[in-house]
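Visitor: My questions all concern the structure below.
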Amino acid sequence: MTRRSAILWMIWCALGSSVVSGQDLVQLTDVTESSGLIFHHRFGDDNLSNIVEGTGSGAVMFDYDGDGWLDVYFVCGTWHTDINDTRGRKYRGTLSNRLFRNKQDGTFEDVTEQAGVGDPDNFGFGCTAADYDGDGDLDLYVLNYHKNVLFRNNGDGTFTDVSEQSGLDNPLWSLHAPWFDYDGDGDLDVYVVNYLEYDKGEFRAFYAAAGYPGPLSYTAQADVLYRNNGDGTFTDVTQEAGIIDLDGRGMSATVTDLDNDGLLDIYVANDATDNFYFRNLGNGRFENEAVIRGLAFGEGGQGVSSMGPAVGDINRDGWLDLYIPDMGYGCLLMSQEGFFEDWTDRSRLAVICGQYAGWGGVLFDLDNDGYLDLFIANGNVHFEYPEEDVLAINDGYGLFTDVAVHSGDYFHEKYVGRGATFGDYDNDGDLDLLVVNLNGPARLLRNDGGNRQHWLKLDVRLPNGLSTAIGARVTVTAGKLVQIHDVVPVVGYLSQADPRCHFGLGTATKADRVEIRWPNGQRTELKDVAADQILTVVQDAK
């Protein structure tokens with residue numbers, strides 16, 4: 001903690017948070033109905049009665065048709081004999097995932113049936129999108145109870161189920177799956193987060209007032225790392241890569257370079273047990289250094305049930321930090337050159353978040369001032385009791401102010417929140433939010449006013465000019481402000497965000513310098529880049 005930050009913190013604690021006026025704040029406007037993005041999540045029953053139903057789902061913001069506009073894919077549950085009561089049988093065959101195409105005019109159209117990605121026979125949770133076969137379009141990987149589904153994008157608006165032949169039809173209960181090139185061979189591998197072995201049988205050894213047994217009542221299922229063989233198939237390399245998951249009940253994961261060594265590491269948020277930080281050793285192997293790095297637990301201990309990790313450089317010191325929502329106060333872990341301190345209390349987030357159960361956390365620059373703000377989708381864990389969501393702005397030193405009540409009518413309502421993600425769906429230069437609620441309607445929140453300040457969006461592509469350069473690091477310098485962003489869109493709870501790197505520039509009309517460190521270590525430097533544009537940068541073929 002710097003001396004200046006320490007002084008600011010002491011002043012903050014002495015005086016309390018200042019009164020925030022809503023006059024100049026960005027508004028998040030609920031445009032769900034007018035946009036046509038109508039999706040209602042279901043868990044295959046009328047009453048919430050078990051941990052499978054209560055886990056919820058997420059959403060993916062991605063450009064499936066390559067037109068430069070973000071489309072949306074929602075994951076839904078269904079009636080399943082191993083999960084739901086017989087009373088929910090009426091939902092059998094009526095529920096499915098949904099794909100919405102962005103019509104480039106602020107509205108969406110449902111193209112699920114044409115695309116062939118409804119997947120009505122599986123109970124779904126998370127989904128991620130990546131160009132696993134290198135053909136320039138984004139494929140979908142849906143994480144389900146007992147059978148995952150890989151949809152290969154055919155490039156014509158349709159998808160083909162290639163789950164079985166690919167080897168990714170994981171038979172366990174999977175929740176999330178970040179993609180990255182762990183072995184440096186040029187194609188995308190995938191880390192699959194598995195949860196637990198659910199048993200529908202009757203339980204007596206649990207607190208009945210909780211509604212149903214929690215995660216520690218069940219045996220954990222180990223995560224799996226799959227290597228891309230380059231021919232459309234994948235091989236389980238978990239053991240040889242050194243991934244040891246003895247008792248983790250994974251909720252979500254992300255990959256990012258937390259130690260600034262140029263290699264992507266894996267961070268897994270686990271339910272009711274310690275979290276994992278698998279540091280990339282650079283030789284195709286990983287080592288769990290969560291405990292020694294301060295990433296296994298926050299100050300709240302191990303029983304907090306970590307949800308979806310959000311990543312970003314909160315204080316702009318050149319090191320990436322983590323925010324993990326949970327059932328307690330949440331957990332803000334600030335990097336001290338690769339080792340981490342819990343700032344949940346000193347940042348005032350403990351006060352803001354302590355009354356809620358957090359699920360979908362989003363670190364994003366709401367107002368384009370160059371500093372990352374925080375949104376959290378909240379909701380009760382065991383009952384369909386709604387809670388308010390959190391929106392807190394960052395002063396640039398890691399101190400947050402709750403501005404939700406001033407930021408739109410949406411925040412005057414309550415929801416049973418689960419997944420949340422972000423992206424500039426209308427390409428107007430500010431970041432919008434998408435929230436998925438348990439057994440309820442998803443909500444699209446349009447950012448109104450964030451683009452009053454300047455911005456720059458970088459769409460970084462591999463030499464083919466089509467595939468996103470997953471794993472690249474983009475650094476943008478504007479005056480004294482230096483921002484870093486790792487190109488890894490799989491963040492948060494069961495969801496995936498806009499893969500384009502968004503930078504708020506405040507009053508600056510240009511970025512003095514843009515540097516891209518490509519996945520293979522090659523570097524590209526641009527100078528005097530004009531603000532307020534979406535700039536595509538293609539890696540040189542060398």
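Visitor: In whole Å, how far is the Cα centre of the stretch 447-526 from that of the stretch 156-189?
Guide: Their Cα centres are 25 Å away from one another.
Visitor: Now, a different point. Excluding the sites themselves, what is the longest stretch of the chain that contains no GluC sites (Glu not before Pro) in a DSSP loop with at most 12 other C-beta atoms within 10 Å? The partial results should precede the final answer.
Guide: Working: sites that count: Glu202, Glu240, Glu337, Glu413.
Answer - 1-201.
Visitor: State the number of lysine pairs found in the chain whose Cα atoms come within less than 24 Å, restricting to pairs 8 or more positions apart or on distinct chains.
Guide: 11
Visitor: Just the number, please: carbon plus sulfur as a percent of the accessible area of the stretch 411-458, 1.4 Å probe, no ligands or DNA/RNA counted.
Guide: Details: 500 of 1210 Å².
Answer for the stretch 411-458: carbon and sulfur cover 41 percent of the accessible area.
Visitor: Accessible area of Asp367, 1.4 Å probe, to the nearest 10 Å²?
Guide: For Asp367, the solvent-accessible surface is approximately 40 Å².
Visitor: Now for a separate question. What list of ³J(HN,Hα) couplings, whole Hz, do you get for the stretch 284-296 from phi and the Karplus terms 6.51, -1.76, 1.60, once you set θ to phi - 60° and write x for glycine and proline?
Guide: Karplus-based 3J(HN,Hα) across the stretch 284-296 equals x, 10, 10, 9, 6, 10, 4, 5, 6, 8, x, 10, 7 Hz.
Visitor: Which Cα, out of Gly262, Met327, Ile314, lies furthest along the positive dipole direction of the stretch 254-340 (beta carbon charges, K/R +1, D/E -1)?
Guide: It is Met327.
Visitor: Relative contact order of the stretch 152-220: what whole-number percent is it, with Cα pairs under 8 angstrom and at least 6 residues apart?
Guide: Details: 62 pairs, mean separation 14.4, N = 69.
So the answer I get is 21 percent.
Visitor: I've got another one for you. Along Cα→Cβ, 7 Å out, is where each label goes; now give me the distance between the ones at Asp24 and Asp135 in nm to one decimal.
Guide: 5.2 nm
Visitor: Using a simple charge model, +1 on the beta-carbon of Lys and Arg, -1 on the beta-carbon of Asp and Glu, nothing else, what dipole does the stretch 204-354 show about its Cα centre, in debye to the nearest 20?
Guide: Values: 9 positive and 23 negative charges, 102 e Å.
Once rounded to the nearest 20, the dipole reads 500 debye.
Visitor: Could you tell me which of rounded, prolate or oblate describes the stretch 79-225, using a ≥ b ≥ c as the square roots of the eigenvalues of the alpha-carbon gyration tensor, with rounded for a/c under 1.5 and, failing that, prolate when a/b is larger than b/c and oblate otherwise?
Guide: Working: a/c = 2.39, a/b = 1.42, b/c = 1.68.
It is oblate, given that a/c is not under 1.5 and a/b is not larger than b/c.
Visitor: Return the calculated 222 nm mean residue ellipticity for the chain, to the nearest 500 deg cm²/dmol, obtained by summing -39500 (n - 2.57) across DSSP H runs with n ≥ 4 and dividing by the residue count. Spell out each step's value before the answer.
Guide: Numbers: 7 runs with 38 residues, N = 542.
It lands at -1500 deg cm²/dmol.
Visitor: State to the nearest 20 debye the size of the charge dipole of the chain about its Cα centre, where the only charges are +1 on K and R beta carbons and -1 on D and E beta carbons. Walk me through the numbers before you get to the answer.
Guide: Details: 38 positive and 85 negative charges, 170 e Å.
Taking the Cα centre of the chain as origin, the dipole is about 820 debye.
Visitor: Still on this structure: Out of all DSSP beta bridges with both ends in the chain, state the antiparallel percent to the nearest 5. Mind dumping the intermediate values first?
Guide: Details: 109 of 116 bridges.
Counting only bridges with both partners in the chain, antiparallel ones make up about 95 percent.
Visitor: Quick one: dipole size for the stretch 285-408, taken about the Cα centre, charges +1 on Lys/Arg Cβ and -1 on Asp/Glu Cβ, in debye to the nearest 20. Numbers along the way, then the final one.
Guide: Details: 5 positive and 21 negative charges, 51 e Å.
Value, rounded to 20: 240 debye.
Visitor: Of (1) 46; (2) 34; (3) 53, which one was derived for percent of Cα pairs over 33 Å apart from the structure shown?
Guide: From the options (1) 46; (2) 34; (3) 53, the structure gives (2).
Visitor: What ³J(HN,Hα) values, in whole Hz, does the Karplus curve 6.51 cos²θ - 1.76 cosθ + 1.60 give for the stretch 364-379 when θ = phi - 60°, with x put for Gly and Pro?
Guide: Using θ = phi - 60°, the values come out as 8, 8, 4, 10, 6, 8, x, 10, 7, 9, 9, 10, 9, 8, 10, x Hz.
Visitor: Let me ask something else. Sum up the charges of everything whose Cβ sits under 13 Å from the Cβ of Asn194, counting Lys and Arg as +1 and Asp and Glu as -1, but leave Asn194 out. Working shown, then result.
Guide: On the way: positive: Lys147, Arg249; negative: Glu197, Asp223, Asp236, Asp245, Asp247, Asp271.
With Lys, Arg at +1 and Asp, Glu at -1, the net is -4.
The values are calculated or read from the model by the stated rules, or taken from the named source; none is laboratory data. Here the structure is a predicted model, which means the values were calculated and not measured. Don't worry about glycine lacking a Cβ; one is built from the backbone with ideal geometry, like all the others, and counts go over all protein chains shown. These accessible areas exclude ligands, DNA and RNA; they are computed on the full protein's heavy atoms, side chains included. Shrake-Rupley method; radii C 1.70, N 1.55, O 1.52, S 1.80 Å.
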